[in-house]
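Only one structure is covered here, and it is reproduced in the block below.
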Amino acid sequence: MSQNHHNLLAKRWAMALPFYLFTLLPLNAQSRFDSIQYVDEVIVTARYNHKEVIPSQTLGGQQLEKLSAHSVADALRYFSGLQLKDYGGVGGIKTVNIRSMGTNHLGISYDGIELGNAQNGQIDLAQFSLDNVEEITLFNGQKSALLQPASDFGHAGAVYIRTRAPRFSDGRSYNLRMKGKYGSSDLFKLSALWEQKLSQKVSSSLSAEGLSSSGKYEFRYLRKRQDGTVAYDTTATRQNGDIWAFRAEGNLHGMLDNGFWKLKVYTYHSERGIPGAIVNNVWRRGERQWDHNTFVQGRWQQQLTPKFTTQTVAKYAYYQTRYVNRDTTQLMVDNTYRQQELLFSTSNVYELLPWWSASLSYDLRWNKLDADIRQFVNPQRWSHYLAFASAVNFERFKLQASLLMTSVKDRTNGQNKDAMTEWTPAVFFNVYPLASRHLSIRAYAKKSFRMPTFNDLYYTEIGNALLKPESALQYNVGLSYDKHFSNGLLRYVHVQTDAYYNTVHNKIVAYPKGQQFRWTMLNLGRVHIKGIDVEAEATIVPVRQLLVTGRVQYTWQQARDVTDPADSYYRHQIPYIPWHSGSAIVNIQYGDWDLNYSFIYAGERYNQQENIKYNYMQPWYTSDISLARKFHVSGFKLRVMLEVNNVFSQDYDVILNYPMPKRNYGLTLDMKI
């Protein structure tokens, strides 16, 4: 099927989707538009840090809506301590690295259940739209909860993506939202959300989205030789970066006595061009990738007695990826990968005393990878996780400790590998020195462990069967200050800072070399990481109806390879980790108008192990501005937003030879019924 035909089908699906959902509305629903009373929007700025033992950062629904962000990956750029790998454009693959420890140490959960990828450990967050996301939270260490899957205790950090739960105003039995966007690079996106009340305790939601883009954008390509003379300096248009994608998600939400249950079906299908790295003035590549990802997951949680609460989670996922490279200057490739995952988890919490609780959790995960590659070993992996955790909660002191056993056994071509078992402890505490509890001081120490992925070990051309498992030790101390003011100019202030020291043993580094789908795998041995994260947030009300909020993050990191003093790169900063990075968001809301400015900065860094002039990458920054206006028309709630991204048309690469878009634009229309 031709690419043009794919794009045409995607656009037809996207255009037809809202009208299809509209036809599903109850035919006997009576219009109440004439009697609807609109209430002024209430901005809730309350935070729940006083309940957390572990530091977290959160972006809520309103903040996410105001950002010029296409996907979850775009939103995560505004969290301190995270580094985003972005290969450019709407269709570019986007992954996240936490505190220089690597993507594989970051757990990503979608509505409470972890997203998995045993093939390469890379979760492409560009596949997850923000249109149905209500909140994104980042925890360093692990989530402040005893009732969670056992594997959640094993990550160095965790991102929790929570989608919208249906809510209905009095007298309504459904909600309908339709959203359309047109932007630079021929971006065309339509999405729709339909929520239906089925009974007093059961509701459903259906979210779907169609996306297409040519992926073409102008960029400047400037490269210098080692002696400083210019080798290439030209402006060109990015090619082979097109994408069409379709996402659909269905949910059932049920309420129980002292509990709830949820059932989710998710599917994502896309075809994209992979523009590849620009090397030696070559602009066009012949790589393409197809993704067909589907998973079904269920979650049941209930307090069975006043002291005992239980949770059960189950999931089945099937991911199929086809990768094609028809570039005659490289190795011709046409491979299909099929990945399966089964997950079962049970978590149980018992209240021993009013101030003391304990939990026991167990996860069983099975992964299998098949590929039509010659001599591929078709690996399978059985993983068992058993976690013991306990928490002590007093008015001004909180303590949480956990111990996780991870046992992993691989099987290749019918041959069983030796099992690997690791015990990883963690301890967290939080103290409130003041009676007001505005100030909190916290600290934690944790060990985390991760096995090499299937690609790390078994990929035919780049896999390294000698790779060792990777482990990390984390130490963190921090404090936070929160205070609300009932009147005056300043209404809310929040300051949070953390200093940390991490050591990573047998660190596995994966970075692209040549083709985007291929990686070079290395065990660096040992890396020492020092860092400071700072976050500040404030809300002011200069005059009535004028609300100004500001949010700033800053990160300093030193991540050095300390494996062997004889290496030329001993104590050098590891690839792609800047010493300084940060972001800022300023939002001005006046009545129905919204003005939002966001800024992202990444300092100098190096793209190879040796910190020499030839591998140096300059700092970059971007500024995005959006202006939105709300309307109420005949009972419809409309919102129009105009956005200008990379306002100053900065030329930059996040990954070497993958240029990012210059100034680009977008126009969004959002309608709620």
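The values are calculated or read from the model by the stated rules, or taken from the named source; none is laboratory data. A quick note: this is a predicted structure, and the numbers were derived from the prediction, not measured. Cβ coordinates were reconstructed from backbone atoms using ideal geometry, including for glycine residues, and neighbour counts include every protein chain displayed. The area values use the complete protein model at the heavy-atom level, side chains included, leaving out ligands, DNA and RNA. Shrake-Rupley method; radii C 1.70, N 1.55, O 1.52, S 1.80 Å.
List of remarks:
- Residue among Ile588, Ile625, Ile532, Ile574 that is open to solvent by 60 Å² or more (accessible area, probe 1.4 Å) and over 30 Å from Asn487 (Cα atoms): Ile532
- Residue in the range 105-116 that is open to solvent by 10 Å² or more (accessible area, probe 1.4 Å) and at positive phi present: yes
- Residue match in the range 377-389 (condition: surrounded by 16 or more Cβ atoms within 10 Å (Cβ to Cβ), more than 30 Å from the chain's Cα centre (by Cα) and more than 30 Å from Pro354 (Cα to Cα)): yes
- Scope the range 200-217; condition of a type in the set (D, E, K, R) and either under 27 Å from the mean Cα position of the chain (by Cα) or open to solvent by less than 30 Å² (accessible area, probe 1.4 Å) (or both); matching residues: Glu209, Lys216
- Close pairs from the range 545-573: first under 11 Å from Gln609 (Cβ atoms), partner among the polar types (S, T, N, Q) and open to solvent by less than 70 Å² (accessible area, probe 1.4 Å), Cβ under 6 Å, at least 6 apart: Tyr569/Gln609; His572/Asn611; Gln573/Asn611
- The range 406-427 - residue that is among the aliphatic types (A, V, I, L, M), under 29 Å from the mean Cα position of the chain (by Cα) and open to solvent by 40 Å² or more (accessible area, probe 1.4 Å) and, of those, farthest from Leu147 (Cα to Cα): Met420
- The set of residues from the range 103-133 being farther than 15 Å from Lys315 by Cα, free of Cβ contacts under 8 Å to residues at least 60 places away in the same chain and among the hydroxyl-bearing types (Ser, Thr, Tyr) comprises just one member, Thr103.
- Considering residues of the range 556-605 that are within 18 Å of Thr503 (Cα to Cα) and part of a strand (DSSP E or B) only, the residue modelled with the lowest pLDDT: Asp561
- Residue check: Trp261 meets all listed conditions (1) crowded, with 19+ Cβ neighbours inside 10 Å; (2) under 30 Å from Val349 (Cβ atoms); (3) not acidic (Asp, Glu) but one, namely (1).
- Selected residue [assigned to a loop (DSSP other than H, G, I, E, B) and open to solvent by less than 40 Å² (accessible area, probe 1.4 Å)] from Asp370, Asp327, Asp363: Asp327
The rows are residues; the columns are (1) surrounded by fewer than 21 Cβ atoms within 10 Å (Cβ to Cβ); (2) farther than 30 Å from Gln303 by Cα; (3) touching an Asp or Glu at 6+ places or on another chain (Cβ under 9 Å).
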site	(1), (2), (3)
Asp186	yes, yes, yes
Leu198	yes, no, no
Thr234	yes, yes, no
Ala248	yes, yes, yes
Leu256	yes, no, no
Arg272	no, yes, yes
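One line per residue, one yes/no per condition, for (1) more than 25 Å from Asn367 (Cβ to Cβ); (2) in a strand (DSSP E or B); (3) open to solvent by less than 10 Å² (accessible area, probe 1.4 Å); (4) of a type in the set (D, E, K, R):
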residue	(1), (2), (3), (4)
Ile123	no, no, no, no
Asp131	yes, no, no, yes
Glu135	yes, yes, no, yes
Ser144	yes, no, no, no
Phe153	no, no, yes, no
Ile161	no, yes, yes, no
Ala165	yes, no, no, no
Ser169	yes, no, no, no
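- Looking only at residues of the range 591-622 that are among the aliphatic types (A, V, I, L, M) and surrounded by 16 or more Cβ atoms within 10 Å (Cβ to Cβ), we find that the one that is farthest from Asp561 (Cα to Cα) is Ile600.
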